[in-house]
1. Give the residue from B:Leu47, B:Ala95, B:Phe105 lying farthest towards the positive end of the charge dipole for chain B; charges sit on Cβ (+1 for Lys and Arg, -1 for Asp and Glu) and the dipole is referred to the Cα centre.
2. What average count of beta carbons from other chains do you get within 10 Å of the Cβ of residues in B:44-53?
3. Provide the per-residue ³J(HN,Hα) series for the stretch A:100-110, in order, calculated from phi with Karplus coefficients 6.51, -1.76, 1.60 and θ = phi - 60°, each as a whole number of Hz, with x at glycine and proline positions.
4. If each of B:Ser70 and A:Lys78 carries a label point 7 Å out from its Cα toward its Cβ, how far apart are those two points in nm?
5. As I understand it, the dipole of chain B uses +1 on the Cβ of Lys and Arg and -1 on the Cβ of Asp and Glu, about the Cα centre. Which of B:Ala115, B:Leu76, B:Ser3 lies farthest toward its positive end?
6. Tell me, what ³J(HN,Hα) does each residue in the stretch A:49-61 have, in order and in whole Hz, if you take phi through Karplus 6.51 cos²θ - 1.76 cosθ + 1.60 with θ = phi - 60° and put x for Gly and Pro?
7. Would you work out which of A:Thr76, A:Ile47, A:Leu60 lies farthest towards the positive end of the dipole of the stretch A:39-81? Charges go on Cβ: Lys and Arg +1, Asp and Glu -1.
8. Please give, to one decimal in nm, the separation of the simple spin-label points placed at A:Thr111 and B:Glu15, each 7 Å out from Cα toward the Cβ.
Amino acid sequence: GAGVSQTPSNKVTEKGKYVELRCDPISGHTALYWYRQSLGQGPEFLIYFQGTGAADDSGLPNDRFFAVRPEGSVSTLKIQRTERGDSAVYLCASSPGLGYEQYFGPGTRLTVT
Amino acid sequence: AQSVSQHNHHVILSEAASLELGCNYSYGGTVNLFWYVQYPGQHLQLLLKYFSGDPLVKGIKGFEAEFIKSKFSFNLRKPSVQWSDTAEYFCAVNARGSGTYKYIFGTGTRLKVLA
């Protein structure tokens, strides 16, 4: 079956612009996670959803970052007023339930110039 | 705060050598433990997991890991590595009793196996 997909695969934007990153989870998976991964580091937790609601957004670095999952399936990570320090690979993962193994997407490489 | 430590950042082995990668976490309650692998050019995929029961778990491709609660460790092992095991390995912890189901990842160990 289809795995987790993320679009775009690469995004280059100028400092100060707004970006949206999309994640399409595995069908039927109720939990969805967003991570940020910088070079030489492990995935850094940002936020997770159980269904439509954000259950824990404690990893979002500041109020420029926001994520939604309005129908409990596709999720969008939104970054306002991008900064060069936001450059990283943004990973999405879905899971059949909380605490279970995660299935990762290929990531979106964001570059802020 | 919960944390995960992977002390070996880079490991180089010859084919057929034995492998052990360390993973330690800081959380005193009940945990779910995972090892993920990222092969060059591919995305993260599950290698093995521990939820409860037998502390020695077996995963794909001949990997195994042992959960030692008293040491807060979940080390990954393989008796004989192959060139195709060249990849980056990440340990992850989900602290089930902490009130959240977020996962904390270690910084990863980059393994290079020489043919």
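The values are calculated or read from the model by the stated rules, or taken from the named source; none is laboratory data. Here the structure is a predicted model, which is why all the values come from computation and not from measurement. Virtual Cβ from ideal backbone geometry, glycine too; neighbours counted across all protein chains shown. For accessibility, only protein heavy atoms count, side chains too; no ligands or nucleic acids. Shrake-Rupley method; radii C 1.70, N 1.55, O 1.52, S 1.80 Å.
1. Going by the charge dipole, the pick is B:Ala95.
2. Numbers: counts 12, 5, 5, 1, 1, 3, 0, 3, 0, 0.
Counting Cβ atoms of other protein chains within 10 Å of each residue's Cβ and averaging gives 3.
3. Running phi through 6.51 cos²θ - 1.76 cosθ + 1.60 with θ = phi - 60° gives 7, 5, 9, 10, 9, x, x, x, 10, 8, 9 Hz.
4. According to this spin-label approximation, the distance is 5.3 nm.
5. Towards the positive end, the residue furthest out is B:Ser3.
6. The phi angles translate into 10, 10, x, 8, x, 6, 7, 7, 10, 5, x, 5, x Hz.
7. The residue sitting farthest along the positive end of the dipole is A:Thr76.
8. 3.6 nm
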